[in-house]
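Report on one structure; see the data block that follows.
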Amino acid sequence: MRLFQLAAAVAAFSFAISPAIAAPHDNDPVPPFKIGEGLYYVGASDITSFLFVSKAGMILIDGGYESTAPQILANIRTLGFDPHRVKVLLSTHGHLDHAGGLAQLKRETGAELYASAEDGALMDRGGKADFGLGDAAAYPPVTPDRGVVDGQKISLGGWTLTAHLTPGHTRGCTTWTFPVTVAGQVRQGLLLCSNSVLPMYRLAGKESYPGIAADYEKSYGFWRSAPCEVFLGSHGIFFNLTAKRQALAAGKADAFVDPEGCRAWFDKGYAAFHAELARQQAAAKP
Ligand SMILES: [Zn+2]
């Protein structure tokens, strides 16, 4: 594929993922900052990455695009941490804009990469043969060292992160939950994989993959019942990253504590999912 075609495919892809923002502005550098005790934001303007710091080492979740990885590494250093202290590399899902940088991050940190079976296989294929995107959103392949199953706990230092398989957006989409201290209070954190239904996804008739609609339904069952006080996600737009970053900088220490925003996001998403499902079911009728 020629370069401009690839760029167009990538732009169309990221636009499809976050239609409310202009694609070129999801990957702008932003300064890293502290969200809670030992929890830091090290991602780009909308494409996120989170660093969990402990005396025993660090956990990093998500690698952004291939071009985000150098930003993430620079952000970790800006905070005064050595990237070699990243021992565990985790992921929300295997799409280009979150897994594109994982190969470089794994190489440069020496961390072990954990991923669900389905999205780990997608990463191993460098994003190719995706059920919705085909080969249009390829990235440097990376092979996970370890698997992740539903309910698995990953502990390092004082951190314990729990994996929740929430398929639909990808077949192995993984939402992470963890306790985190913010402004002196222990809160329940939730890092959302993604609940979006991409425009090319088929939920009725011949489904994009067998069971995709049932998967979304089940994932919403988890999302809508899970404790969620510190709401985070693979895209900043899910949880109002920019506004919260500004509020934090202005002195609101608990800017990222937002259980109402979390609930509202999943209520809105659930309604949109059902509207799209009904539309596709009606269109699929002979
Ligand atoms: Zn995605």
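The values are calculated or read from the model by the stated rules, or taken from the named source; none is laboratory data. What you see is a predicted model, and the numbers here were worked out from it, not measured in a lab. Virtual Cβ from ideal backbone geometry, glycine too; neighbours counted across all protein chains shown. Ligands, DNA and RNA are stripped out before the accessible areas are found, and what is left, the full protein with its side chains, is counted by its heavy atoms. Shrake-Rupley method; radii C 1.70, N 1.55, O 1.52, S 1.80 Å.
Taking the Cα-to-Cβ direction at K206 and at K34 and moving 7 Å from each Cα, how far apart do the two end points lie in nm? Those two pseudo-labels are separated by 5.5 nm. With N as its number of residues, the stretch 59-125 has a Cα radius of gyration that, divided by 2.2 N^0.38 Å, comes to 1.02. Kirkwood radius for the stretch 82-218, taken over all pairs of different Cα atoms as the inverse mean of 1/r, rounds to 15.8 Å. Legend: distances between Cα atoms for K106/K218; K244/K268; K153/K218; pairs beyond 29 Å are K106/K218.
The Cα atoms of the stretch 99-167 give a gyration tensor whose axes a ≥ b ≥ c have a/c of 1.5 or more with a/b no greater than b/c, which makes the shape oblate.
Protein heavy-atom accessible surface, 1.4 Å probe, per residue over the stretch 3-284: 40 Å².
Can you give me the % of accessible surface on the chain that is carbon or sulfur? Probe 1.4 Å, all protein chains present, nothing else counted.
About 57 percent, which is the carbon plus sulfur part of the accessible surface.
Inter-label distance, H84 to R279: 5.2 nm, where each label sits 7 Å from its Cα along the C-beta direction. Straight-line cross-link reach from K87 at under 15 Å between alpha-carbon atoms covers these aspartates and glutamates, not counting any fewer than eight positions away in the same chain: D62, E108, E112, D145.
Rg and Dmax of the stretch 3-284, based on Cα coordinates, read 17.6, 56 Å.
With only Cα atoms counted, the stretch 13-164 has Rg and Dmax values of 14.6, 42 Å. Using a Gaussian network model of the chain in which every pair of alpha carbons under 10 angstrom is joined by a spring, one finds that among A103, A226, A69 the greatest mean-square fluctuation is at A226. Measuring between their Cα centroids, the stretch 89-159 and the stretch 242-280 lie 25 Å from each other. Dipole magnitude for the chain: about 100 debye, using +1 per Lys or Arg Cβ and -1 per Asp or Glu Cβ, origin at the Cα centre.
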